[in-house]
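S.K.: Below you will find the structure I want to go over with you.
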Amino acid sequence: MAELTALESLIEMGFPRGRAEKALALTGNQGIEAAMDWLMEHEDDPDVDEPLETPLGHILGREPTSSEQGGLEGSGSAAGEGKPALSEEERQEQTKRMLELVAQKQREREEREEREALERERQRRRQGQELSAARQRLQEDEMRRAAEERRREKAEELAARQRVREKIERDKAERAKKEPPTKREYDQCRIQVRLPDGTSLTQTFRAREQLAAVRLYVELHRGEELGGGQDPVQLLSGFPRRAFSEADMERPLQELGLVPSAVLIVAKKCPS
């Protein structure tokens with residue numbers, strides 16, 4: 001049974017003649033399936049219908065064969081010249097096989113494109129996950145660096161405060177060494193006077209008053225045992241034991257070390 005040539009079959013399936021010839025030439029006339037693969041792969045190319053500039057026989061670097069010449073020569077020659085004509089039934093059967101082949105190629109192409117689309121989607125998701133993970137790591141690194149910076153600043157602040165406190169303490173210690181503590185100034189003095197009979201007198205004097213004021217107070221308030229206000233009295237300090245002289249009577253109480261308080265003992269003054 002006679003069959004259509006590859007070029008005729010492609011034309012029967014609806015491909016433009018120029019596109020079919022180009023497909024056959026570029027696939028080296030390896031058959032209709034190779035040509036159909038090329039046509040389906042390049043059908044969206046903008047230059048798919050542009051004619052080849054290089055003579056068809058020289059595309060693969062060789063002279064065209066007689067079969068290539070017969071299949072690709074112009075439309076002036078009768079298609080299938082020298083071959084018996086196909087009956088209508090045979091032509092329909094062959095066209096049916098070609099259409100089934102086209103459908104199969106189309107399914108294969110769709111499956112391939114679907115697989116490629118799935119692979120691209122997987123790659124897109126994987127890249128998205130990697131990008132998200134990278135952003136998460138970057139954010140965590142930034143948060144960790146910020147926390148470390150806050151800890152460092154806090155430690156430096158605490159250290160600075162400690163240094164200030166230590167300096168204040170050192171300054172206080174140095175001042176204490178250089179400056180003796182200031183004694184408190186008292187304006188008054190509380191004097192307790194013990195009389196020979198065991199009783200005591202207590203009176204508050206000004207710190208600048210002379211010791212003679214204390215002796216006068218005692219002489220005015222002493223009991224009968226000391227002879228009323230007749231005999232002079234002798235004032236003694238309790239500890240350390242000290243007898244105050246007539247010269248001491250003119251000295252202030254604070255100068256004699258009796259401020260802020262003191263205990264004095266009264267004794268009869270021995271006649272000189």
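The rows are residues; the columns are (1) farther than 28 Å from Glu255 by Cα; (2) modelled with pLDDT of 95 or more; (3) in contact with a Lys or Arg (Cβ under 9 Å, 6 or more places away or on another chain).
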site: Leu158; (1), (2), (3): yes, no, no
site: Arg170; (1), (2), (3): yes, no, no
site: Arg175; (1), (2), (3): no, no, no
site: Lys178; (1), (2), (3): no, no, no
site: Pro181; (1), (2), (3): no, no, no
site: Arg184; (1), (2), (3): no, no, no
site: Cys189; (1), (2), (3): no, no, yes
site: Arg194; (1), (2), (3): no, no, no
site: Leu201; (1), (2), (3): no, no, yes
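S.K.: Name the residue, out of Glu185, Glu179, Glu153, that is surrounded by 10 or more Cβ atoms within 10 Å (Cβ to Cβ) and not small (Gly, Ala, Ser).
M.R.: Values: Glu185 fails: surrounded by 10 or more Cβ atoms within 10 Å (Cβ to Cβ); Glu179 fails: surrounded by 10 or more Cβ atoms within 10 Å (Cβ to Cβ).
That would be Glu153, the only listed residue that is surrounded by 10 or more Cβ atoms within 10 Å (Cβ to Cβ) and not small (Gly, Ala, Ser).
S.K.: Among the residues of the stretch 88-112, which ones are farther than 16 Å from Ser9 by Cα and at pLDDT below 90?
M.R.: Of everything in the stretch 88-112, those that are farther than 16 Å from Ser9 by Cα and at pLDDT below 90 turn out to be Gln106, Arg107, Glu108, Arg109, Glu110, Arg112.
S.K.: OK, next. Considering only the stretch 37-50, I want to know if a residue exists there that is surrounded by 12 or more Cβ atoms within 10 Å (Cβ to Cβ), at pLDDT 50 or above and in contact with a His (Cβ under 6 Å, 6 or more places away or on another chain).
M.R.: Looking for residues that are surrounded by 12 or more Cβ atoms within 10 Å (Cβ to Cβ), at pLDDT 50 or above and in contact with a His (Cβ under 6 Å, 6 or more places away or on another chain), one finds at least one in the stretch 37-50, hence yes.
S.K.: Still on this model: (1) under 19 Å from Arg17 (Cβ atoms); (2) among the polar types (S, T, N, Q); (3) modelled with pLDDT of 80 or more: which one isn't true of Ser132, the others all being true?
M.R.: Result: Ser132 fails condition (1) only.
S.K.: Assess whether Glu157 counts as being among the acidic types (Asp, Glu) and either touching a residue at least 12 places away in the same chain (Cβ under 8 Å) or more than 30 Å from Leu256 (Cα to Cα) (or both). Give the derivation first.
M.R.: Values: among the acidic types (Asp, Glu): yes; either touching a residue at least 12 places away in the same chain (Cβ under 8 Å) or more than 30 Å from Leu256 (Cα to Cα) (or both): yes.
Judged against the criteria, Glu157 is a match.
S.K.: So in the stretch 192-205, with the set limited to residues that are without any contact (Cβ under 8 Å) to a residue 40 or more places away in the chain and of a type outside the set (A, V, I, L, M, F, W, C), which one is surrounded by the fewest Cβ atoms within 10 Å (Cβ to Cβ)?
M.R.: Within the stretch 192-205, the subset without any contact (Cβ under 8 Å) to a residue 40 or more places away in the chain is 197-204.
This time we only want the ones that are of a type outside the set (A, V, I, L, M, F, W, C), so: 197-200, 202-204.
Values: Asp197: 12, Gly198: 7, Thr199: 11, Ser200: 13, Thr202: 10, Gln203: 14, Thr204: 10.
Per the stated criteria, the residue is Gly198.
S.K.: Do the conditions hold for Ala213, that is, is it out of contact with any strand residue (DSSP E or B) (no Cβ under 9 Å at 6 or more places or on another chain) and assigned to a helix (DSSP H, G or I)? Show your work before the answer.
M.R.: Details: out of contact with any strand residue (DSSP E or B) (no Cβ under 9 Å at 6 or more places or on another chain): no; assigned to a helix (DSSP H, G or I): yes.
Judged against the criteria, Ala213 is not a match.
S.K.: Looking at the stretch 234-262, which of its residues are in contact with a strand residue (DSSP E or B) (Cβ under 8 Å, 6 or more places away or on another chain) and either in a loop (DSSP other than H, G, I, E, B) or of a type in the set (S, T, N, Q) (or both)? Steps first, please.
M.R.: Within the stretch 234-262, the first condition is being in contact with a strand residue (DSSP E or B) (Cβ under 8 Å, 6 or more places away or on another chain), and the residues that meet it are 234-238, 242-244, 249-254, 258-262.
Correct list: Gln234, Ser237, Gly238, Phe244, Arg251, Leu253, Gln254, Leu258, Val259, Pro260, Ser261.
S.K.: Something else about it: If I ask for residues that are more than 10 Å from Leu264 (Cβ to Cβ) and either part of a strand (DSSP E or B) or small (Gly, Ala, Ser) (or both), which ones from the stretch 183-202 would you list?
M.R.: Result: Gln188, Cys189, Arg190, Gly198, Thr202.
The values are calculated or read from the model by the stated rules, or taken from the named source; none is laboratory data. Model, not experiment: these values are computed from the prediction. For neighbour counting, all protein chains shown are included, and Cβ atoms are generated from backbone atoms with ideal geometry for every residue, glycine included.
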